[in-house]
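Structure first, commentary second.
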Amino acid sequence: MSHDTRKLKFKAETRKVLDIVINSLYSHPDVFLRELISNASDALDRLRFKMLTSPELDGDREFRIEVIPDVVNGTLTVRDNGIGMDGDEMTRELGTIAGSGTRNFLKKLQKAGEEGVPELIGQFGVGFYSGFMVADRIRVLSRPVGGDTGYVWESTGQDTFTLKEEKDLPEGTDVVLYLKGNMKEYLDPVRLAGIVRRYSDFISYPVYVKSGEDDKWKNEPVNSMKPIWTKPEEEVTDREYDEFYMRLSFDLQKPLSRLVFHGEGTTEFHALLYIPASRTVEMLLPDYKTGIRLFVRKVMIEEEADELLPRYLRFIRGVVESSDLPLNISRETLQENRIIRVIRNALTGKVISRLEEMLSNDRAKYEKFFDAFGELIKEGIYSDEKNRDRLADLLLVWTSRSGDGRKTLKEVVDGIPGESGRLYYVTGNDRKELASSPYIESAGSGREVILFDSPMDEFMLRVLGEYGGRKLVSLMKELGDEDLTEAEKAERKHAGETYAGLLEFMKDVLGERVEAVRFSPRLRDVPCILVNDRDDPGEMFRNVLKTLDHEVPKAKRILELNPAHPVLDRLQELYLEDRSGGELENRVMILFDLGTVMAGGRPENPSEFGKRVASLLS
Ligand code: ADP
C-alpha cells in the first residue's frame, strides 16, 4: 500500500515539450504507440545487455511487449518485462528531458519554428511524452529488474507529477494511458494491431495485442520481428526505408541514397547504410561521432560505433548487425577486432562503389553529394592510402576553363592532348579570383589549370602527387627537376650555364628578397614570375596554422625566369658590356617588381618602381 506519495514539479524544458504535445494540432496521433513500444523495446535491449554480464539475472524469461486495451476503464496499457525503473530513474527520466530523442526534437523545433510542430511530432514522436497526445492522465508502474520495490509515477501533464512506492509489482514497466474522450479509437484491437504493424514491425521482440474485453490474446505476435536491415530490399518499401532513416538520424530530409548489403563468406553481416542529402556543420568536425548502430545477435552493442567506417565517411548513417562478433565485446576491443576490420573494409568499398555509380549514372545527384561531402572525400584521399586512387576519381574540381560546372580529374586529363604533360593547378581562397590569377597566364594561355580553393585541398595535395599518370604541379611553386621532361631539363641546364654570370649578379642585387633566381622552361609569354619554394605549405595552410596559433613559416620566394624571353638577351648584353654602370641593377629591380606583380602582389616600393620604369621609358 502507498504510504508516501511525493508531488514533484516538471523541469522547465519538460514543461515546454508537454505544452507542445498537448496543445499542438497533431496530424499523426498514432505515433504515440510507436514511441511507447520503442521505449519498451529499449528497456528489453538494456535488460538483455545487462544479462550478458550478470548471469544471475538469467532465468526463464520470455521477452515480450503487450498492448492491452481496457474498454471498461477506458485505458490503454503498454507493458514490457524489460529493465524497469526505480523511483529516482522515473523522476529523472520522465520528469526531465533526458532522452536523446526528445532533446533532439527540441533542437529541431528551434529551427523549424512553431508551424513545424505537427510534422515533427509525426516524425520523431517526442518519446514518452507523446502519450499525452491521446491521454489526459498517464500512470507508469515499474519495478527494476533485481530490485524489491516498485514505483508508481502519475501525471496529468500539468505542472507536476506524483511518485509513490508500490509493493508487489512485476518486473518491468506498465505505461497506462487514460484515453481522452475523443481517443477511444485506440481501444480497438484491430486498429492497434494495424498501427503496430505499420510503425513497429521490425521491433525485435514480439508485440502482442489483447483482443477484447474477455481475457483473450492472439497467440501470434502482430509484428514480424524481422529488423528492417535483415530484410531483402524488395520486401521493404522506399517509404519504410526513408522513415527508418529519418528516425535514426533525426534528419528531416530523405536520404540521398541507401545501401542494403548482406555480407557473406568469412564474415556474416547485414548492413543498411544511408548517405544523407545534406550535411550539418558538425559533420566536418574531426571528432564528430558516426551514427552507425552496431547489433550483435539482435542486441545493440553500440549506438554510435565509429569503428565500422573510416573517419572520413563519418557522414554515413545506418545499422550493422553481425552474428559473428562476440556479444561481450567491449568498445576498447572493437577497434582491434578482426571481424570489425573485415566489415569496415567491405563497407568502405561498398560506399565508394555506390558513389562511383552515382557519378557515372546521375551526375546532378552526385554534384549534390559532393557539395555536401566533397571535403570529406578529400580528407579520404589524404588519409586512406588504400583507396586513394578510387577516391581521386570521385573528385570534382573547378578549372580555368570549366565555367560554371566542375570536372572530374579524368575529364581534365582527357582534355589534355598527348600522352604526357602536367596537370597544373593554383591554390587560393576564392575560385573567381583564382580564375584570373596571373600564374595561370604564366603557363601559357589556353592551358587548363585546376583551381583549388579550399584548405582541405592543400592537405590532399600533400599526398596526391599525380593523377592518371600526370604529375600534379602547382604553378605557384618553383618547378623541380623531377617535374620536367628530359628536354626541359636540358633547356634549363643550358640556360643556367649560358647566363651563369648574370644569374649570380641578379642574386647579389636582390639579396634577401629571394632565395634563388632560376630558369623555368614552363613560362610562356611572360619574362619572369615570383614563386614559392617547393616545400611551401601554401597560403591556405598558413591561414590554418595561424588560426591554430602555430608558428607560421615565412614563404621562401624564388624568381623564375623565362629562358626564351627576349628580355634575357638584353640583360645579358648589359651584363657583358656594362654591369657596373647602375643600369643593369636598375633593370634587375624592375624585373623583380614585375615578377611580384605577375604573382598578384604589389611592387616592394611603388614610388621607386615608378621612377625606374619612367627612366626606362624616357
Ligand atoms: P527517449 O526514449 O528518447 O530516451 P523518452 O522520453 O521516450 O526519451 O524516455 C525517457 C527515458 O525514460 C528513457 O530514456 C528511459 O530511460 C526511460 N523509459 C521510458 N520508458 C521506459 C520503459 N518502458 N522501461 C524502462 N525505461 C523507460
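The values are calculated or read from the model by the stated rules, or taken from the named source; none is laboratory data. Worth saying up front: this structure is predicted, and the values here are computed from it rather than measured. Positions of Cβ are generated from backbone atoms using ideal geometry, with glycine treated the same way; all protein chains shown enter the neighbour counts. All accessible areas refer to the heavy atoms of the entire protein, side chains included, with ligands and DNA or RNA removed. Shrake-Rupley method; radii C 1.70, N 1.55, O 1.52, S 1.80 Å.
Listing for the model above:
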{"read-out": "Within segment 405-473, helices (runs of 4 or more DSSP H) holding 1 or more residues that are modelled with pLDDT of 90 or more, over 21 Å from Asp535 (Cβ atoms) and not β-branched (Val, Ile, Thr)", "value": "409-414"}
{"read-out": "Criterion (buried (at least 18 other Cβ atoms within 10 Å of the Cβ) and over 30 Å from Pro255 (Cα atoms)) met by exactly one of Val209, Val190", "value": "Val209"}
{"read-out": "Among residues of segment 315-346, those that are surrounded by 21 or more Cβ atoms within 10 Å (Cβ to Cβ), in contact (Cβ under 8 Å) with a residue 40 or more places away in the chain and out of contact with any Pro (no Cβ under 9 Å at 6 or more places or on another chain), counted", "value": "4"}
{"read-out": "Val463 in contact (Cβ under 8 Å) with a residue 40 or more places away in the chain, among the hydrophobic types (A, V, I, L, M, F, W, C), in contact with a helix residue (DSSP H, G or I) (Cβ under 7 Å, 6 or more places away or on another chain) and open to solvent by 40 Å² or more (accessible area, probe 1.4 Å)", "value": "yes"}
{"read-out": "Neighbours by Cβ (under 6 Å, 6+ apart or cross-chain): first from segment 604-616, in the same structural domain as Gly582 (by TED's automatic domain parsing); second part of a helix (DSSP H, G or I) and open to solvent by less than 60 Å² (accessible area, probe 1.4 Å)", "value": "Phe609/Asp593; Arg612/Asn586; Arg612/Ile590"}
{"read-out": "Odd one out for Phe261, checked against (1) out of contact with any strand residue (DSSP E or B) (no Cβ under 9 Å at 6 or more places or on another chain); (2) assigned to a strand (DSSP E or B)", "value": "(1)"}
